[in-house]
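J.: Quick one: the structure is below, and I'll ask about it shortly.
We did not get these values from a lab; they are worked out from the coordinates using the rules stated. Everything numeric here is computed off the predicted structure, so don't read it as measured data. FYI the Cβ positions are ideal-geometry reconstructions off the backbone, even for glycines, and counts take in every protein chain you see.
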Amino acid sequence: MSAMPAPEWEIATWLNTPTPLTLENLRGRVVLVHAFQMLCPGCVARGLPQAVRVAETFAGTALTVVGLHTVFEHHEAMQVASLRAFLHEYQIRLPIGIDAHGPDGDPIPLTMKAYAMEGTPTTLLIDAWGRLRRQIFGVHNDLLLGAEIARLLLELEVDTHINQYQDIESIVRL
């Protein structure tokens, strides 16, 4: 797993969340981002169901699962109204950010560019300190993905305990 800082997302619109999400606001939580297009067969058949399973499996932990609708083709067919209907029909309740496009008319969205994604589906794993730890193009094996998430959650737990111990140790020295 690499450990480079994850670029902040460039989101035009958020769906399924009352407030916009940012990596800065999610510091202290492990983040799984599932980049998809609603007309991508692999995203619909395997990627999105995997993201939903992960959210359900790790509910109650320090994991946040976010969808990133990153449209690099068929722009006219994948507007916000279509995406809302898609999310409703597939009962996807994950927070979904719609990747913003730059002012220059480039068909590749800004977040997709920032992460140098090859296409969709793409899964991003970001640790609790905001570092990109894994980027997977295509659908990842459920067991391997679960193990990678568990590892990042364990790292967070260990770090939390070490910090608590150091706080107690400094109090005892007083």
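J.: Take every Cα-Cα distance within the range 31-92, group them into 10 Å bins from 0 onward, and report for each bin the whole-number percent of pairs it holds.
T.: 21, 53, 23, 4
J.: Counting other beta carbons within 10 Å of each Cβ, put T122, T160 in order, fewest first. Working shown, then result.
T.: Working: T122 24, T160 13.
Final ranking by Cβ density, sparse to dense: T160, T122.
J.: What fraction, in whole percent, of alpha-carbon pairs in the chain exceed 28 Å separation?
T.: That fraction is 24 percent.
J.: Once Lys and Arg get +1 and Asp and Glu get -1 on their Cβ, which of L125, A114, G102 lies farthest toward the positive end of the dipole of the chain?
T.: Highest projection toward the positive end goes to L125.
J.: Which one of A62, A12, A128 has the biggest mean-square fluctuation once the chain is modelled by GNM with Cα springs under 10 Å?
T.: Its mean-square fluctuation being the largest, the pick is A12.
J.: What net charge do the residues around A100 carry, taking every other residue with its C-beta under 14 Å from that of A100, with Lys and Arg at +1 and Asp and Glu at -1?
T.: On the way: positive: K113; negative: E8, E10, D99, D104, D106.
Taking every Cβ under 14 Å from that of A100, the sum is -4.
J.: What does the net charge come to around T111 if you take all other residues with beta carbon closer than 13 Å to its beta carbon, with K and R at +1 and D and E at -1?
T.: Taking every Cβ under 13 Å from that of T111, the sum is -3.
J.: Where in the range 1-36 does the label zone of Q79 land, with the point 7 angstrom along Cα→C-beta and an amide N cut-off under 20 Å?
T.: 12-16
J.: Here's another thing I want to ask about it. Quick one: helix 142-173 against the long Cα principal axis of the chain, what's the angle to the nearest 10°, folded into 0 to 90?
T.: The angle comes out at about 30 degrees.
J.: Where nothing but the Cβ of Lys and Arg (+1) and of Asp and Glu (-1) is charged, how large is the charge dipole of the range 4-173 around its Cα centre, in debye to the nearest 20?
T.: The calculation lands at about 300 debye.
J.: Let me ask something else about it. Gaussian network model of the chain, Cα springs within a sub-10 Å range: biggest mean-square fluctuation belongs to which of T111, T64, T13?
T.: Greatest mean-square fluctuation among the candidates belongs to T13.
J.: For the chain, the longest stretch holding no trypsin sites (Lys or Arg not before Pro) located in a DSSP loop with at most 15 other Cβ atoms within 10 Å is which?
T.: Counting at most 15 other Cβ atoms within 10 Å as exposed, the longest clean stretch of the chain is 94-174.
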